[in-house]
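*Asks:* Pasting a structure below so you can have a look.
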Amino acid sequence: MTGEEDTRHGPGALTEEQAGRMFAGMNEVIRAGEEMRQLRTEMIGVLAGWGWTQDRIARLADMSQPAVSKQAAKHRTDGPQAPMGLALDQYDAPWLEGRLRGLAEEISEASGDTARCGRLVDALARGRKRFTPGNVDALRRLVEEDLRLHRAELPAGYRSAYDEISRGLDVPPKAAAGATASASVRRALAHRIQRDHLGRRGPEVD
């Protein structure tokens, strides 16, 4: 018996499988944190490119103005960026995935613990799972199941939104026309706009 086996199987010792699960959980949290910081940096760059002032961005992001200035510099271009289209009816994959997540969150909040999509959409939101084709398909199935099970209590607009998103995801993926933002930024924007469109609260006007 090797020393490694003694350590792994000795009384009260942590098994390799247990240690692996612990590190996997830690890595998920670390990766999610890094990805969220990157998304925030990209979003600052997008807003700065649209002409938003650094003071305004700093207030909304709860950051210092020098910190925003540093982040904006990473994405600075020679001139103002063309405003990205923010209409719901766009059909590139990241936009549709963001809309799907927004719809799933609305269903989860409306249906509480009985929502089938709740755990998966929470894992996607927290970065514990990614927007792989398999996870997107799984979320679609769960959302469709929730729409069927909770049909009486959910607004009809939820089903209409799902049908539009689903039709878009069923065709070969399209590229966003003129898009300069990353897939993560487009998902985040679509998620926010979809939730606002479903009526929980309207967009704030500065």
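*Asks:* So Ala123 fits all but one of (1) under 24 Å from Glu28 (Cα atoms); (2) exposed (fewer than 12 other Cβ atoms within 10 Å of the Cβ); (3) among the aliphatic types (A, V, I, L, M); what number is the exception?
*Replies:* Going through (1) under 24 Å from Glu28 (Cα atoms); (2) exposed (fewer than 12 other Cβ atoms within 10 Å of the Cβ); (3) among the aliphatic types (A, V, I, L, M) one by one, Ala123 breaks only (2).
*Asks:* Scan region 61-77 and tell me whether some residue there is at pLDDT 90 or above, open to solvent by less than 40 Å² (accessible area, probe 1.4 Å), part of a helix (DSSP H, G or I) and not small (Gly, Ala, Ser).
*Replies:* Yes: one or more hits.
*Asks:* Right, something else. Which residues, taken from region 82-133, are polar (S, T, N, Q) and out of contact with any Asp or Glu (no Cβ under 8 Å at 6 or more places or on another chain)?
*Replies:* Selection gives Gln90, Thr114, Thr132.
*Asks:* Mind counting the residues in region 177-206 that are modelled with pLDDT of 90 or more, among the charged types (D, E, K, R) and open to solvent by 40 Å² or more (accessible area, probe 1.4 Å)?
*Replies:* The number of residues fulfilling the criteria is 2.
*Asks:* Now a separate question. I'd like the full set of residues that are loosely packed, with under 14 Cβ neighbours inside 10 Å and among the small types (Gly, Ala, Ser), limited to region 28-60.
*Replies:* If the condition is that a residue be loosely packed, with under 14 Cβ neighbours inside 10 Å and among the small types (Gly, Ala, Ser), then Gly33, Gly51 are the ones that fit.
The values are calculated or read from the model by the stated rules, or taken from the named source; none is laboratory data. Being a predicted model, the structure only gives us computed values, none of them experimental. For neighbour counting, all protein chains shown are included, and Cβ atoms are generated from backbone atoms with ideal geometry for every residue, glycine included. Just so you know, the surface numbers come from the protein's heavy atoms only, side chains and all, with ligands and any DNA or RNA stripped out. Shrake-Rupley method; radii C 1.70, N 1.55, O 1.52, S 1.80 Å.
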